[in-house]
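Please read the structure below before turning to the comments.
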Amino acid sequence: MTEKQTLETKWDIQIRKGTLELVILAALNGRVLYGLELLNLLHQFETLKITEGTLYPLLDRLKRDGVVSAKWQQEGEARPRKYYKLTDAGHAKLTSVSQRWQQATADINHLLSHPGPDGIKK
Amino acid sequence: MQERQEIHNYLKSLAKYLSRLDQQEADEVLREIESHIYDVIDMQEEKGQLVNVAEILRGFGPPRQLAEHYVAHIVDGTPLPPGFSAMDIVKRGASKSLYWGSAILGYSVGVSLIFLAFAKLMVPNLVGIWSSANGNSLIVGMVEHPYQYGNELAGMWLVPAALVLGFLTLRLTYGVLHVLKNSMQRK
């Protein structure tokens, strides 16, 4: 791995640590998904390639926190799967956390687009 | 066949480490993970890809590590509900008392034992172990008039014994304080 790739990987991990819960809530917004479906959805995004070992315990915690609900379903001859969806509390949390995310992103982008040496007047 | 055995071994190991959960919760975790594994295998077979069970299991990580994430809330304890802050303050106070009590007791015993060893070297006749009251009591330390207690029991063996015990006590105290400190920091 090149030095640039190592740095990007380390930074991706840092970002994911702070945002994973928001990512899961956002992915489940308007969707009912089982674990593998959710994982494949996230893997479409370069910075959201989490492992099964991260996803499933997190879903378990979110269920205990009451922000997602889970239900086993079997479609036809397919194997039963555990489907997840947002609860009302999950929707409320998604709304408030995503607002803070938007604000944080705007603040950081502002800083990035206004390098020194001058001060910043917002 | 070998793949099934690998999966079975993994789930069996995971089940062992999930024992802190109640049976229903643990069964549900295992069922979900097993379902995922076989779904991935089906997906790979449909795409004509080579099935790599080891790779799939690597995504979950070692069973012990995976189970730790599931039982962390039990090990660490859920936070106290609001309004119970007084209990939290008492708990923290008790933990601090235990920490400092252990430190004072452990380090003072350890240092005393080491001091005893050096004292034995300096004044061997006044330092030792005596049996008193027909064997009903034991005197360990430095005395002014040793002759009234009869023969000293340990002799110069007291020096290495006290040194070793002293250092072991100091080491044990350090270890216990380290564990207590980590426990206090996690709360």
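When the surface is traced with a 1.4 Å probe over the full set of protein chains, A:ASP65 keeps roughly 80 Å² accessible. When the protein assembly as shown is described by a simple charge dipole with +1 on each Lys and Arg Cβ and -1 on each Asp and Glu Cβ, the residue from A:LEU25, B:THR173, B:SER131 located farthest towards its positive end is B:SER131. Between the alpha-carbon centres of segment B:1-74 and segment A:1-68 there is a gap of 18 Å. Taken across both chains, chains A and B shield about 1700 Å² of accessible surface from a 1.4 Å probe. Cβ-Cβ distance of B:GLU144 and B:LYS181, R₀ of 45 Å, FRET efficiency by 1/(1 + (r/R0)^6): the value works out to about 0.65.
So how do B:TYR107, A:TYR83 rank on accessible area, 1.4 Å probe, biggest first, that is with the largest at the start?
Final ranking, largest accessible area leading: B:TYR107, A:TYR83.
Across chain B, Cα pairs under 8 Å and at least six residues apart give a relative contact order of 20 percent. Given R0 = 30 Å, the distance between the Cβ atoms of B:ARG64 and B:ARG171 translates into a calculated FRET efficiency of 0.60. Binning at 5 Å from 0, report for segment A:27-85 what percent of all alpha-carbon pair distances ends up in each bin. Answer for segment A:27-85: a P(r) of 4, 17, 28, 27, 16, 7, 1 percent.
The local environment of B:ARG64, defined by Cβ-Cβ distances under 13 Å, has a net charge of +2 under the rule Lys, Arg +1 and Asp, Glu -1.
Dipole magnitude for chain A: computed about the Cα centre from +1 point charges on Lys and Arg Cβ and -1 point charges on Asp and Glu Cβ, it is near 320 debye.
Could you sort B:VAL111, B:VAL51 by accessible area so the largest value comes first, with the probe set to 1.4 Å?
B:VAL111, B:VAL51
Taking square-rooted eigenvalues a ≥ b ≥ c of the alpha carbon gyration tensor, is chain A rounded, prolate or oblate, where a/c under 1.5 means rounded and, failing that, a/b exceeding b/c means prolate? Could you put the intermediate results ahead of the total?
On the way: a/c = 3.23, a/b = 1.73, b/c = 1.87.
In terms of gyration-tensor shape, oblate.
Quick one: of the DSSP bridges fully inside the protein assembly as shown, what percent are antiparallel, nearest 5?
Within the protein assembly as shown, antiparallel bridges account for around 100 percent of the total.
If you plug the beta carbon distance of B:LYS12 and A:THR95 into 1/(1 + (r/R0)^6) with R0 = 41 Å, you get a FRET efficiency near 0.45. Distance between the 7 Å Cα→Cβ label points at B:PHE118 and B:VAL51: 7.1 nm.
With a simple spin-label model that places each label point 7 Å from the Cα along the Cα-to-Cβ direction, the separation between B:ILE74 and B:ALA161 comes to 4.6 nm.
Specify whether the C-alpha gyration tensor of the protein assembly as shown places it in the rounded, prolate or oblate class, a ≥ b ≥ c being the square roots of the eigenvalues: rounded for a/c under 1.5, otherwise prolate if a/b is larger than b/c and oblate if not. Prolate, because a/c is 1.5 or more and a/b exceeds b/c. Take every pair of alpha-carbon atoms less than 8 Å apart whose residues are at least six positions apart; their mean separation over the length of chain A yields a relative contact order of 23 percent.
Can you find, among A:PRO115, A:SER98, B:TYR70, the residue farthest towards the positive end of the dipole of the protein assembly as shown? Put +1 on the C-beta of Lys and Arg, -1 on that of Asp and Glu. Final value for the positive-end residue is A:PRO115.
The values are calculated or read from the model by the stated rules, or taken from the named source; none is laboratory data. This structure is a prediction, so every number in the text was calculated from the model and none was measured. All Cβ positions, glycine included, derive from the backbone under ideal geometry; neighbour counts span all protein chains shown. We work out accessible area using only protein heavy atoms, side chains counted, and drop any ligands, DNA or RNA first. Shrake-Rupley method; radii C 1.70, N 1.55, O 1.52, S 1.80 Å.
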